[in-house]
Amino acid sequence: MSVNYKFWTVCMIQDNDKVLLLDRQHDNFKGFIPPGGKVEFPESFVEGAIREVKEETGLEVSNLVYKGIYEYVNPDKNDRYIIFNYITKEFSGTLLQKPHEGKPVWVNIGDVKDLPMQKSIRRRFPLFFDEGTFEVQVKWDNEKDAEGEVMIRKT
């Protein structure tokens, strides 16, 4: 039995009590999200995160800290989608004015709870600021075409 693997990254950029989020208003993944995207073969996961941040925000990031894995598994289709999550406080450059993925916006961390956000982003958001790392596994329910069992583990 072969398994279909896909890899993505997310990079939370923090500046004191603010984080940079994209106000994404297109396709079926609307809301405020950290920059990130698909890892291109054969780049490393960190290289993918750095490239995606640059493409989506215009910023150069460095000294990324690994925070954890967020994954979807679909046992019916043998799919496993793994998102590597990073945070950094080190960045330079100028924000893009009209990037394709969504407008970059600095948001107070305490105000994020009031923003429209995908369930998967909201679920892991506080984990970026906790000590240590995390692992979140979501089993996809094919019949309902929705999230099934969710396991959150601090590692």
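Could you check the stretch 67-90 and list, in sequence order, the residues that are open to solvent by 20 Å² or more (accessible area, probe 1.4 Å), of a type outside the set (Ser, Thr, Tyr), under 17 Å from the mean Cα position of the chain (by Cα) and over 17 Å from residue 12 (Cα atoms)?
80
Would you call residue 70 closer than 30 Å to residue 2 by Cα, touching a helix residue (DSSP H, G or I) at 6+ places or on another chain (Cβ under 6 Å) and not in a helix (DSSP H, G or I)?
Judged against the criteria, residue 70 is a match.
Out of all the residues in the stretch 141-155, which are open to solvent by 40 Å² or more (accessible area, probe 1.4 Å) and among the aliphatic types (A, V, I, L, M)? First the steps, then the outcome.
Narrowing the stretch 141-155 to residues open to solvent by 40 Å² or more (accessible area, probe 1.4 Å): 141-145, 147, 149-155.
Those that are open to solvent by 40 Å² or more (accessible area, probe 1.4 Å) and among the aliphatic types (A, V, I, L, M): 150, 151, 152.
Considering only the stretch 91-140, state which residues are closer than 21 Å to residue 53 by Cβ, open to solvent by 70 Å² or more (accessible area, probe 1.4 Å), out of contact with any Gly (no Cβ under 7 Å at 6 or more places or on another chain) and assigned to a loop (DSSP other than H, G, I, E, B).
97, 98, 100
Residue 86: touching a strand residue (DSSP E or B) at 6+ places or on another chain (Cβ under 9 Å) and more than 30 Å from residue 144 (Cα to Cα), yes or no?
Considered against the rule, which asks whether it is touching a strand residue (DSSP E or B) at 6+ places or on another chain (Cβ under 9 Å) and more than 30 Å from residue 144 (Cα to Cα), residue 86 comes out as yes.
Looking at the stretch 1-11 only, could you name the residues that are surrounded by 21 or more Cβ atoms within 10 Å (Cβ to Cβ) and of a type outside the set (S, T, N, Q)?
Of everything in the stretch 1-11, those that are surrounded by 21 or more Cβ atoms within 10 Å (Cβ to Cβ) and of a type outside the set (S, T, N, Q) turn out to be 10, 11.
Kindly provide the set of residues from the stretch 12-66 that are open to solvent by 80 Å² or more (accessible area, probe 1.4 Å) and aromatic (Phe, Trp, Tyr), ordered by number.
41, 66
The values are calculated or read from the model by the stated rules, or taken from the named source; none is laboratory data. Worth saying up front: this structure is predicted, and the values here are computed from it rather than measured. So basically every Cβ, Gly included, is an ideal-geometry build from the backbone, and we count neighbours across all protein chains shown. For accessibility, only protein heavy atoms count, side chains too; no ligands or nucleic acids. Shrake-Rupley method; radii C 1.70, N 1.55, O 1.52, S 1.80 Å.
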